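Peer 1: Sharing a structure, written as structure tokens. Questions coming.
What follows is calculated from the coordinates using simple rules that are stated; it is not laboratory data. Only a predicted model underlies this, so the values are computations on that prediction, with no experimental measurement involved. Cβ: placed from backbone, ideal geometry, glycine included. Neighbour counts: every protein chain shown.
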Amino acid sequence: MKDNKATAPAIDIGISAKDRAKIAAGLSRLLADNYTLYLKTHNFHWNVTGPMFNTLHLMFETQYNELWLATDLIAERIRSLGFPAPGTYGEYVKLASIKETPGQPKAEEMVRLLVAGNEAVARTARSVFPVVDKANDEATADLLTQRMQVHEKNAWMLRSLLEG
């Protein structure tokens, strides 16, 4: 008697299983950093106070909305490579380079923390490039490039608020 259980065909996209695993591991770290920065930015959006309230409230909202959309793109790339995307706080705490901020810092400290967070995500994205380049994974390279551009620009814009 035949087993009627359907099996998915093996992944054959021109990237070895070993390289796909390494890339997915790097993207999992990126996902964790992205999600942690999303939570921090959204928290600061809700809780910012002071003379720059309106400016920061709106800026943080723009940034957390972009981070939220990026979460899906990163997770779906991991899935496209054939691996499960991490999706729990416990996994993110273990994978993320960004730490939670206890309490409610003042507005200027929020900005400093978000500069550091955006720079951390850019570094994480950049750290995945060697294995992506070695595997000729242009789709992931494109995603990483886009993420670095966003986070480097956000860090610059936030840092500009602290000058002068």
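Listed here are the residues, each with its yes/no results for (1) polar (S, T, N, Q); (2) farther than 19 Å from A125 by Cβ; (3) touching a Ser or Thr at 6+ places or on another chain (Cβ under 9 Å).
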| position | (1), (2), (3) |
| --- | --- |
| Y35 | no, no, yes |
| H57 | no, yes, no |
| S97 | yes, no, yes |
| Q104 | yes, yes, yes |
| E109 | no, yes, yes |
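Peer 1: Let me ask another. D12 fails exactly one of the following numbered conditions: (1) over 24 Å from Q149 (Cβ atoms); (2) surrounded by 10 or more Cβ atoms within 10 Å (Cβ to Cβ); (3) charged (D, E, K, R). What is the number of that condition?
Peer 2: Answer for D12: the failing condition is (2).
Peer 1: Continuing with the same structure: Looking for something among the acidic types (D, E) and over 30 Å from N136 (Cα atoms) - is there at least one such residue anywhere in region 2-13?
Peer 2: Of all residues in region 2-13, those among the acidic types (D, E) come to 3, 12.
Filter once more, keeping what is over 30 Å from N136 (Cα atoms): 3.
Yes, some residue in region 2-13 is among the acidic types (D, E) and over 30 Å from N136 (Cα atoms).
Peer 1: A further question follows. If you go through region 110-161 one residue at a time, how many are closer than 26 Å to G50 by Cβ and basic (K, R)?
Peer 2: Adding up the residues that qualify gives 3.
Peer 1: Exactly one of these conditions fails for G164: (1) part of a helix (DSSP H, G or I); (2) free of Cβ contacts under 8 Å to residues at least 60 places away in the same chain; (3) out of contact with any Lys or Arg (no Cβ under 7 Å at 6 or more places or on another chain). Give me its number.
Peer 2: Of the numbered conditions (1) part of a helix (DSSP H, G or I); (2) free of Cβ contacts under 8 Å to residues at least 60 places away in the same chain; (3) out of contact with any Lys or Arg (no Cβ under 7 Å at 6 or more places or on another chain), the odd one out for G164 is (1).
Peer 1: Looking only at region 34-86, count how many residues are free of Cβ contacts under 8 Å to residues at least 24 places away in the same chain, outside any helix (DSSP H, G or I) and either surrounded by 13 or more Cβ atoms within 10 Å (Cβ to Cβ) or touching a Phe, Trp or Tyr at 6+ places or on another chain (Cβ under 9 Å) (or both).
Peer 2: 0
Peer 1: Also, quick follow-up: For residues that are outside any loop (DSSP other than H, G, I, E, B) and among the charged types (D, E, K, R), tally how many sit in region 1-33. So that I can check it myself, show each step before the final result.
Peer 2: Applying the first criterion (outside any loop (DSSP other than H, G, I, E, B)) to region 1-33 yields 17-33.
Now drop any that are not among the charged types (D, E, K, R), which leaves 18-20, 22, 29, 33.
Count: 6.
Peer 1: Mind listing just one residue for me: the one in region 87-102 that is part of a loop (DSSP other than H, G, I, E, B) and among the small types (G, A, S) and, of those, nearest to A155 (Cα to Cα)?
Peer 2: Step one: list which residues in region 87-102 are part of a loop (DSSP other than H, G, I, E, B), which gives 87-88, 96-102.
Among the residues that remain, those that are also among the small types (G, A, S) are: 87, 96-97.
Working: G87: 26, A96: 18, S97: 16 Å.
Selected residue: S97.
Peer 1: Name the residues in region 103-146 that are in contact (Cβ under 8 Å) with a residue 24 or more places away in the chain, over 25 Å from I78 (Cα atoms) and in a helix (DSSP H, G or I), would you?
Peer 2: Of everything in region 103-146, those that are in contact (Cβ under 8 Å) with a residue 24 or more places away in the chain, over 25 Å from I78 (Cα atoms) and in a helix (DSSP H, G or I) turn out to be A107, E108, M110, V111, R112, L113, L114, V115.
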